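The values are calculated or read from the model by the stated rules, or taken from the named source; none is laboratory data. Treat the numbers as computed from the prediction; the structure is a model and nothing was measured. Counting neighbours? That spans all protein chains shown, and the Cβs are built from the backbone with ideal geometry, glycine included. Protein only, heavy atoms only, side chains kept; ligands, DNA and RNA dropped before computing areas. Shrake-Rupley method; radii C 1.70, N 1.55, O 1.52, S 1.80 Å.
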Amino acid sequence: MRRATSILNHAPTFCSVSAHSLVDEFTKFCYQRDLPRAMKAMEAMHRNRLSADAITYSELIKCCLVRGAVQQARLVHEHVFSNGYEPKTFLINTLINMYVKFGLLDEARNLFDEMPDRNVVSWTTMISAYSNSNLNHKALDFLILMLREGVRPNMYTYSSVLRACDGLLNLRQLHGSILKVGLESDVFVRSALIDTYSKLGEQHDALNVFNEMITGDLVVWNSIIGGFAQNSDGDETLHLYKRMKRADFVADQSTLTSVLRACTGLALLELGRQVHVHVLKYDQDLILNNALLDMYCKCGSLEDANLLFTRMMTEKDVISWSTMIAGLAQNGFSADALKLFEAMKSKGPKPNYITILGVLFACSHAGLVNDGWYYFQSMKEHFGIDPGREHYGCIIDLLGRAGKLDEAVKLIHEMNHEPDAVTWRILLGACRVHKNVDLAIYAAKEILKLDPADAGTYILLSNIYANSQKWEDVAEVRRKMRTRGVKKDPGCSWIEVSKQVHAFILGDNSHPRIEEIKRELSQLIQRLMRLGYVPDTNFVLQDLEGEQMEDSLQYHSEKLAIVFGLMSLPNQKTIHIRKNLRICGDCHIFAKLVSQLENRVIVIRDPIRYHHFRGGVCSCGDYW
DNA sequence: ATTTCTACCT
């Protein structure tokens with residue numbers, strides 16, 4: 001302790017006020033949250049070897065916390081320990097908590113180590129301090145030490161320590177102890193359990209814990225809804241949201257953020273717009289508004305995104321800017337993305353790792369080789385950020401698309417990160433654009449080493465071999481697929497029409513209007529062919545909808561979805577479609593021609609890319 | 001003394 005050098009001890013000793021009224025006055029100032037006067041009174045009390053009760057000191061500590069007054073807080077600490085008094089456990093706990101809140105974990109720890117009677121609150125405060133600082137190991141160690149000292153954890157302890165749990169084994173053990181002492185029905189413990197299972201991707205267990213709930217609590221609902229949203233299960237997220245509303249709970253910021261994330265994942269623009277209405281009453285919530293911004297970007301409505309971005313009620317943070325920059329780039333507005341980045345540099349927050357990723361993404365998708373290189377080379381110098389694997393990915397993409405395949409390969413081998421499946425897929429994409437079969441085979445094999453369940457890559461490889469009559473290799477690839485149990489999902493496209501989601505799956509005729517749609521599609525293809533459309537049946541180097549037959553080409557799911565959109569949406573309305581697989585070359589040409597012939601804007605989002613078709617051209621510049 | 005929500009290369 002710094003008692004020896006305390007300012008308190010050097011203060012002039014002079015006081016004319018009676019002891020009783022001095023303490024009274026101190027108490028009054030503490031409860032009035034008048035920090036300067038309370039501090040003065042405390043000094044006077046110290047000179048007269050007087051002290052107040054623990055509750056009063058804890059009021060003063062609260063006051064220091066609210067004002068961020070660290071120096072004053074330290075003086076209170078010294079005063080409480082001065083004059084030979086040994087403060088009560090309650091007051092030491094308050095001091096420990098104070099240091100934790102100020103982020104001074106070492107000082108909290110010193111107090112904790114020196115206190116004589118550590119109770120459950122002391123232990124829990126330290127555990128929650130460690131888990132909040134991501135010192136997970138320390139938090140779990142403390143739980144063990146606590147048990148060894150014979151202090152029994154309560155619901156506060158468990159809900160704190162659960163956050164620190166980053167392994168399934170630990171979690172199951174903790175869950176077991178919680179059940180044993182009967183604390184699983186506490187809403188804090190329950191939501192922490194749900195959240196922790198969700199963070200480990202164990203949605204099944206999370207849902208079990210949730211379903212055992214008898215009387216509800218909004219946070220528990222938010223935990224399960226957020227868990228599914230974070231695990232990219234949009235359908236289940238929305239399903240639970242409906243259940244929550246049926247149970248008469250009113251969504252708050254957290255719920256709406258998760259629901260928006262589900263809309264983002266499923267590309268449900270109409271539903272997202274409905275949610276926007278509920279967001280309006282939380283226009284000060286930055287997280288929620290960022291989620292809304294991302295939803296508009298990822299659902300392909302840049303008009304809405306731009307509008308929201310310029311009109312946001314709160315100060316925009318680095319996430320708002322990064323979201324908008326990446327959103328513009330992903331949707332093909334690379335020039336606007338770079339312009340926004342320049343604006344950010346002059347009047348926005350400091351760009352971070354992810355911001356730069358969006359910038360490089362914009363360059364690679366617009367073929368801006370020089371700009372991309374410049375930003376890549378200077379990111380360390382200008383923003384202090386070392387290029388990560390993702391940044392290298394963008395540059396490999398940039399080189400590859402520009403036809404510099406050799407340089408792309410060279411960079412893969414030179415970078416100081418291990419290439420992953422994504423890295424090789426980027427190279428494969430470049431091979432597709434530039435029709436380099438040999439390099440494509442190499443890249444495909446590397447992908448399968450790292451991701452042996454990637455059905456699309458097997459099929460692509462098999463098609464390459466088939467095209468060059470290498471039947472033995474074809475058989476080998478097929479055999480590997482069989483033995484590894486890899487199956488390709490059929491192509492599927494989704495479109496939202498009057499709040500209903502319509503799914504079109506290759507080879508599935510269950511849509512009620514399928515016959516009508518197919519008739520319309522045939523007629524449309526006839527008309528396009530008269531304008532020069534030739535179905536592209538070259539499947540080599542294409543990611544395909546399924547086990548491909550030429551005659552099923554005309555019924556690719558996105559074609560059905562486009563026709564259904566033409567049939568059922570008003571004339572001016574943009575047709576928004578989401579696909580589970582990459583769009584094939586034939587459907588890409590088809591969509592371009594339809595956008596011209598029918599004078600419609602069509603937006604198709606595939607798993608990784610956006611295509612805005614307008615007047616016969618696509619925002620991707622045929623470069624995907 | 002404790003629980004829930006936002007951006008990321010294919």
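Things worth noting here:
- Within the stretch A:179-219, considering residues that are in contact (Cβ under 8 Å) with a residue 12 or more places away in the chain and among the hydroxyl-bearing types (Ser, Thr, Tyr), the one nearest to DNA strand B (Cβ to nearest atom): A:Ser191
- Selection count, the stretch A:606-623, where residues are among the hydrophobic types (A, V, I, L, M, F, W, C) and under 25 Å from the mean Cα position of the chain (by Cα): 1
- With respect to the conditions (1) open to solvent by less than 10 Å² (accessible area, probe 1.4 Å); (2) out of contact with any strand residue (DSSP E or B) (no Cβ under 8 Å at 6 or more places or on another chain), A:Arg609 falls short on a single one, namely (1).
- Scanning the stretch A:59-94 for residues that are of a type in the set (A, V, I, L, M, F, W, C) and within 13 Å of A:Trp123 (Cα to Cα) yields a total of 2.
- Scanning the stretch A:392-418 for residues that are outside any helix (DSSP H, G or I) and either near DNA strand B (Cβ under 8 Å from one of its atoms) or open to solvent by 30 Å² or more (accessible area, probe 1.4 Å) (or both) turns up A:Ala402, A:Gly403, A:Lys404, A:Asn416, A:His417, A:Glu418.
- Against the conditions (1) open to solvent by less than 40 Å² (accessible area, probe 1.4 Å); (2) more than 13 Å from DNA strand B (Cβ to nearest atom); (3) among the β-branched types (Val, Ile, Thr), A:Val259 satisfies every one except (2).
- Long-range neighbours under 6 Å by Cβ, at least six apart or interchain, first residue more than 11 Å from DNA strand B (Cβ to nearest atom) within the stretch A:92-114, second modelled with pLDDT of 95 or more and among the charged types (D, E, K, R): A:Tyr99/A:Glu107
- Odd one out for A:Asp141 among (1) in contact with a Lys or Arg (Cβ under 8 Å, 6 or more places away or on another chain); (2) open to solvent by 10 Å² or more (accessible area, probe 1.4 Å): (1)
- Looking only at the stretch A:39-75, and only at residues there that are outside any loop (DSSP other than H, G, I, E, B) and polar (S, T, N, Q), the one that is farthest from A:Val23 (Cα to Cα): A:Gln71
- Identification of helices (runs of 4 or more DSSP H) wholly contained in the stretch A:273-391 with 2 or more residues that are out of contact with any Leu (no Cβ under 7 Å at 6 or more places or on another chain) and open to solvent by 70 Å² or more (accessible area, probe 1.4 Å) yields A:302-311, A:334-347, A:353-366, A:369-383.
- Residue check, A:Arg261 in contact (Cβ under 8 Å) with a residue 24 or more places away in the chain and either in contact with a His (Cβ under 9 Å, 6 or more places away or on another chain) or not aromatic (Phe, Trp, Tyr) (or both): yes
- Looking only at residues in the stretch A:82-111 that are of a type in the set (A, V, I, L, M, F, W, C) and under 24 Å from A:Leu147 (Cβ atoms), the one that is most open to solvent (accessible area, probe 1.4 Å) is A:Phe90.
- For the stretch A:241-256, the set of residues classified as among the hydrophobic types (A, V, I, L, M, F, W, C) and either assigned to a helix (DSSP H, G or I) or buried (at least 18 other Cβ atoms within 10 Å of the Cβ) (or both) consists of A:Met244, A:Ala251, A:Leu256, listed by residue number.
- Residue list for the stretch A:438-466, restricted to those being open to solvent by 30 Å² or more (accessible area, probe 1.4 Å) and polar (S, T, N, Q): A:Asn463
- Yes/no for A:Lys579 being buried (at least 23 other Cβ atoms within 10 Å of the Cβ) and basic (Lys, Arg): yes
- Test: residue in the stretch A:145-168 that is in contact with a Cys (Cβ under 7 Å, 6 or more places away or on another chain) and buried (at least 17 other Cβ atoms within 10 Å of the Cβ): no
- Annotation: of all residues in the stretch A:262-272 being open to solvent by 20 Å² or more (accessible area, probe 1.4 Å) and part of a helix (DSSP H, G or I), the one that is nearest to DNA strand B (Cβ to nearest atom) is A:Gly265.
- Any hit, the stretch A:112-119, residues being under 40 Å from the mean Cα position of the chain (by Cα), open to solvent by less than 10 Å² (accessible area, probe 1.4 Å) and of a type outside the set (Val, Ile, Thr): yes
- Test: residue in the stretch A:47-58 that is open to solvent by less than 70 Å² (accessible area, probe 1.4 Å), closer than 29 Å to A:Ser133 by Cα, more than 15 Å from DNA strand B (Cβ to nearest atom) and not aromatic (Phe, Trp, Tyr): no
- Of the residues making up the stretch A:4-19, one or more are at pLDDT below 95, among the small types (Gly, Ala, Ser) and either closer than 30 Å to A:Tyr156 by Cβ or in contact with an Asp or Glu (Cβ under 8 Å, 6 or more places away or on another chain) (or both).
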